[in-house]
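J.: Supplied in structure tokens, the structure appears directly below.
The values are calculated or read from the model by the stated rules, or taken from the named source; none is laboratory data. Source: prediction; values computed, not measured. In this analysis, Cβ positions are derived from the backbone assuming ideal geometry, glycine residues included, and neighbour counts consider all displayed protein chains. With ligands, DNA and RNA removed, areas are computed over all heavy atoms of the protein, side chains included. Shrake-Rupley method; radii C 1.70, N 1.55, O 1.52, S 1.80 Å.
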Amino acid sequence: MTSRIEARFEKCRAEGRAALVTYVMAGDPDLETSFEIMRSLPKAGADIVEFGMPFTDPMADGPAIQAAGLRSLKGGQNTVKTLDLVRRFRKEDGETPIILMGYFNPIYVYGVERFLTDAKEAGVDGLIVVDLPPEEDDELCLPALKAGLAFIRLATPTTDDKRLPAVLANTAGFVYYVSITGITGAATPDFGQVSTAVERIKRHTPLPVVVGFGVKNGAHAAAIAKGADGVVVGSALINALKGTLDSDERATSRTVEAVTTLVKDLSEGVRSVSKRAAA
Amino acid sequence: MSAKAQTNSYRTGPDERGHFGMFGGRFVAETLMPNILELEKAYEEAKTDPSFKADMDSYMTHYIGRPSPLYFAERMTEHLGGAKVYFKREELNHTGAHKVNNVLGQILLARRMGKKRIIAETGAGQHGVATATLCARFGLECIVYMGAVDVERQKPNVFRMKMLGAEVVPVQSGTKTLKDAMNEALRDWVTNVSTTFYCIGTVAGPHPYPAMVRDFQCVIGNETREQMMQAEGRLPDSLIACVGGGSNAIGLFHPFLDDRGIEIYGVEAAGHGLDKLHAASLTGGRPGVLHGNRTYLLMDSDGQIQDAHSISAGLDYPGIGPEHAWLHDVGRVNYISATDQEALDAFQLCSKLEGILPALESSHAIAKVIELAPKKPKDHLMVVNISGRGDKDIPQIAEILGAKI
């Protein structure tokens, strides 16, 4: 059976364009607003949705995602509630791939087998766990593949040709190329270097390669879409959300719309680049 | 590590993937993996290079002032009326704590690797001061991450680091203490990965740090063996050290782990009490994954890391080195705890009886000497590691005791 991830990349390819992958933090700024944001993402142009699983100590994230995680945790978010959000989303949308992204400890504490069973049942398609390099594949990557969930690996500018095969070995769904050495939401990448890196990774794998970190607007998305199979945007969406919160960090009437407005801009950016000639 | 080696010795870990039993490992972002593998390779090469050892030994003697004395604490012994108490005087090292042993090793390694930018995290500031000191000595750029709360309660050390030419970055994220300083150092490392050496201050973090830092700190236990043989003609009967991340403790314990008859005690910080806010990860925590390794952590039912609390900034961390987690599980080391108040009382007793102001961290270990020594016979030889000196804690202690200085 073709997975939702494969089907979605096929659809984008057929439309001659790159995919737009959006990241928001589950439960940020509160459970119901978060759900409203999630369900509005595909309509606004997101092809794949990533939901962040909050963690107190997100070592690879910049200030925007750190703060989003703390807002979410303050509102009582936890792994059970995040999986519930996925279930509610899945009831309305059977096709958009859902990726959960986070750190290993909450999953480890939930119990790896139990987590994989519950995530699969809820309608999750893939996992990105930042602090699990290939050296720790036994922990979650291999059990996830066995359970039918894609374990999506991050490749970075420091992943050289010698190391790439190890990074790609057990990965599935797509490869997430981290455009910079750094944390989320920081520097904007050098687009020329990014497309060279994507070409390099593509020589090693038939999987789609998406690019994230530092993408802030439609123009950036368009620049990345030229070489990559997809563009990931996270911190910029969270900043848009944060800009609408009241002084107590609660959602306002503008919160959902601020996110969807930026998603539409990003979607136009991605759709402005035709990949038909190259394909 | 083979099952056979494990049963014969407590000193063979970690295995090639950095595991002490189920603990340890390399739980880091992909960006850092190539660096961590490079570091592991460089350390393995340095370990067997006689010139590296010769360099270490020379600076240990002439710059740090080793060996540190093993001192018979006569008045403390008389006062307690039991075991013969010896102090391993790590507070007499240059910079005033055991931290410098490890920093010297890592800075010499950074030089071998051609890294000119050094970053470090610090809690009490002792590791930060040691790192700033050696960076000054070797002309290296030094950036120290320190939780904003700790910057406030350890002002003398903050100023010392600045005088030594380091940049001290107050960390405002999370709980603004040691764990957040470590998060921020990791964020810096991931950003400046090619130029930067991350000098971790304790036996935690991803492999090879827990093993490497332990190796650099083992000078404490190795010297203690020799010195006790000279003083008493035999090995000690018990060892006591405080445990935050656990580097001074593992440095004292490790060379004695296979001497099965020796009782070993690691003292965690019980803060306000184990049923209240504390920093005793082994006593009050569960296994989890943080900062590159699996170990015991203070966390809630969802795996979110909880605030630790200790009067001592150096013990105020919700985790512990993975080798301690393993030694706890296999039962070789007894992990006990001391409260803020017990540490404060021990600080005052030691100051008055021995004329030695111990660091608040080390005072936790002394608190358990006060408890255990009277129960032992007079020929029982007890060694406590005075891991650091208390000068840095004077403003804080004065405030707690209501004194104006």
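J.: I'd like to verify a number: residues in segment B:150-160 that are without any contact (Cβ under 8 Å) to a residue 60 or more places away in the chain, closer than 25 Å to A:MET59 by Cα and buried (at least 16 other Cβ atoms within 10 Å of the Cβ), how many? Working first, answer last.
T.: Residues of segment B:150-160 without any contact (Cβ under 8 Å) to a residue 60 or more places away in the chain: B:151-152, B:158-160.
Then drop every residue that is not closer than 25 Å to A:MET59 by Cα, which leaves B:151-152, B:158.
Subset that is buried (at least 16 other Cβ atoms within 10 Å of the Cβ): B:151, B:158.
Here the count works out to 2.
J.: Restricted to segment B:301-327, and to residues that are within 22 Å of A:GLY111 (Cβ to Cβ) and in a helix (DSSP H, G or I), which residue is farthest from the other protein chains (Cβ to nearest Cβ)? Quick ask: steps written out before the conclusion?
T.: Of segment B:301-327, the ones within 22 Å of A:GLY111 (Cβ to Cβ) are B:301-306, B:318-319, B:322, B:325-326.
With in a helix (DSSP H, G or I) added as a condition, the list becomes B:322, B:325-326.
Values: B:PRO322: 14, B:ALA325: 14, B:TRP326: 17 Å.
Out of the qualifying residues, it is B:TRP326.
J.: Let me ask something additional. For segment B:51-79, which positions are touching a residue at least 40 places away in the same chain (Cβ under 8 Å) and either of a type in the set (D, E, K, R) or open to solvent by 70 Å² or more (accessible area, probe 1.4 Å) (or both)?
T.: Once the filter is applied, which keeps residues that are touching a residue at least 40 places away in the same chain (Cβ under 8 Å) and either of a type in the set (D, E, K, R) or open to solvent by 70 Å² or more (accessible area, probe 1.4 Å) (or both), segment B:51-79 yields B:ASP55, B:ARG66, B:PRO67, B:ARG75, B:HIS79.
J.: Same structure again: When you check B:SER310 against the structure, is it in contact with a Cys (Cβ under 9 Å, 6 or more places away or on another chain) and of a type in the set (Gly, Ala, Ser), yes or no?
T.: For B:SER310, the condition - in contact with a Cys (Cβ under 9 Å, 6 or more places away or on another chain) and of a type in the set (Gly, Ala, Ser) - is not met.
J.: Just one of (1) more than 14 Å from every other protein chain (Cβ to nearest Cβ); (2) crowded, with 19+ Cβ neighbours inside 10 Å; (3) without any contact (Cβ under 8 Å) to a residue 60 or more places away in the chain; (4) part of a helix (DSSP H, G or I) trips up A:GLU199, so point out which.
T.: Of everything listed in (1) more than 14 Å from every other protein chain (Cβ to nearest Cβ); (2) crowded, with 19+ Cβ neighbours inside 10 Å; (3) without any contact (Cβ under 8 Å) to a residue 60 or more places away in the chain; (4) part of a helix (DSSP H, G or I), A:GLU199 misses just condition (2).
J.: Could you check segment B:227-243 and list, in sequence order, the residues that are touching a residue at least 12 places away in the same chain (Cβ under 8 Å) and open to solvent by 10 Å² or more (accessible area, probe 1.4 Å)? Don't jump to the end; show me each part of the working.
T.: Step one: list which residues in segment B:227-243 are touching a residue at least 12 places away in the same chain (Cβ under 8 Å), which gives B:227-228, B:231-232, B:234-243.
Residues satisfying the conditions are B:GLN227, B:ALA231, B:GLU232, B:ARG234, B:LEU235, B:ASP237.
J.: Of the conditions (1) assigned by TED's automatic domain parsing to the domain that holds B:ILE370; (2) part of a helix (DSSP H, G or I); (3) open to solvent by less than 10 Å² (accessible area, probe 1.4 Å); (4) farther than 29 Å from B:ALA73 by Cα, B:THR283 clears all except one; give me its number.
T.: Among (1) assigned by TED's automatic domain parsing to the domain that holds B:ILE370; (2) part of a helix (DSSP H, G or I); (3) open to solvent by less than 10 Å² (accessible area, probe 1.4 Å); (4) farther than 29 Å from B:ALA73 by Cα, the lone unmet condition for B:THR283 is (3).
J.: Could you list, in sequence order, the residues of segment A:181-192 that are more than 7 Å from every other protein chain (Cβ to nearest Cβ) and open to solvent by less than 20 Å² (accessible area, probe 1.4 Å)?
T.: Of everything in segment A:181-192, those that are more than 7 Å from every other protein chain (Cβ to nearest Cβ) and open to solvent by less than 20 Å² (accessible area, probe 1.4 Å) turn out to be A:THR184, A:PRO189.
J.: Hey, A:ASP57 hits all of (1) in a helix (DSSP H, G or I); (2) touching a residue at least 24 places away in the same chain (Cβ under 8 Å); (3) farther than 27 Å from A:GLY269 by Cβ but one; which does it fall short on?
T.: The number of the failed condition is (1).
J.: Does B:ILE311 meet the test of being of a type in the set (Val, Ile, Thr), in contact (Cβ under 8 Å) with a residue 60 or more places away in the chain and open to solvent by 10 Å² or more (accessible area, probe 1.4 Å)?
T.: yes
Yes/no per residue for (1) small (Gly, Ala, Ser); (2) surrounded by fewer than 22 Cβ atoms within 10 Å (Cβ to Cβ):
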| position | (1), (2) |
| --- | --- |
| A:ILE5 | no, no |
| A:ARG13 | no, yes |
| A:GLY16 | yes, yes |
| A:GLY27 | yes, no |
| A:GLU50 | no, no |
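J.: What number of residues in segment B:170-186 are more than 11 Å from chain A (Cβ to nearest Cβ), open to solvent by less than 10 Å² (accessible area, probe 1.4 Å) and out of contact with any helix residue (DSSP H, G or I) (no Cβ under 6 Å at 6 or more places or on another chain)?
T.: Total satisfying the criteria: 1.
J.: If you don't mind, another one. Would you confirm whether any residue within segment A:3-26 is in contact with a strand residue (DSSP E or B) (Cβ under 7 Å, 6 or more places away or on another chain), part of a loop (DSSP other than H, G, I, E, B), within 14 Å of chain B (Cβ to nearest Cβ) and within 18 Å of A:GLU249 (Cβ to Cβ)?
T.: Yes, that holds for at least one residue.
J.: Related question: Can you pull out the residues in segment B:187-209 that are of a type in the set (Ser, Thr, Tyr) and surrounded by 21 or more Cβ atoms within 10 Å (Cβ to Cβ)?
T.: Answer for segment B:187-209, where residues must be of a type in the set (Ser, Thr, Tyr) and surrounded by 21 or more Cβ atoms within 10 Å (Cβ to Cβ): B:THR196, B:TYR198, B:THR202, B:TYR209.
J.: Identify all residues within segment B:205-234 that are in contact with a helix residue (DSSP H, G or I) (Cβ under 6 Å, 6 or more places away or on another chain) and not in a helix (DSSP H, G or I); write none if there are none.
T.: Correct list: B:PRO206, B:PRO208, B:CYS218.
J.: Restricting to segment B:249-300, what's the tally of residues that are farther than 24 Å from B:HIS98 by Cα and away from every other protein chain (no Cβ under 14 Å)?
T.: 10
J.: What about B:GLU45, is it farther than 28 Å from B:LEU140 by Cβ, modelled with pLDDT of 95 or more, open to solvent by 20 Å² or more (accessible area, probe 1.4 Å) and not hydroxyl-bearing (Ser, Thr, Tyr)?
T.: no
J.: Right, something else. From A:PRO58, A:PRO63, grab the single residue that is open to solvent by 20 Å² or more (accessible area, probe 1.4 Å) and over 12 Å from the mean Cα position of the chain (by Cα).
T.: A:PRO63
J.: Determine the pairs where a residue that is more than 7 Å from chain A (Cβ to nearest Cβ) and part of a strand (DSSP E or B), located within segment B:20-37, has a partner that is charged (D, E, K, R) and crowded, with 24+ Cβ neighbours inside 10 Å with Cβ atoms under 8 Å apart, the partner being 6 or more residues away or on another chain.
T.: Pairs that qualify, where the first residue is more than 7 Å from chain A (Cβ to nearest Cβ) and part of a strand (DSSP E or B) and the partner is charged (D, E, K, R) and crowded, with 24+ Cβ neighbours inside 10 Å, are B:PHE20/B:GLU323; B:PHE23/B:ARG294; B:PHE23/B:GLU323; B:GLY24/B:ARG294; B:GLY24/B:GLU323.
J.: Identify the single condition in (1) open to solvent by 10 Å² or more (accessible area, probe 1.4 Å); (2) more than 13 Å from every other protein chain (Cβ to nearest Cβ); (3) within 30 Å of B:HIS19 (Cβ to Cβ) that A:ARG87 does not satisfy, given that it satisfies every other one.
T.: Exception for A:ARG87: condition (3).
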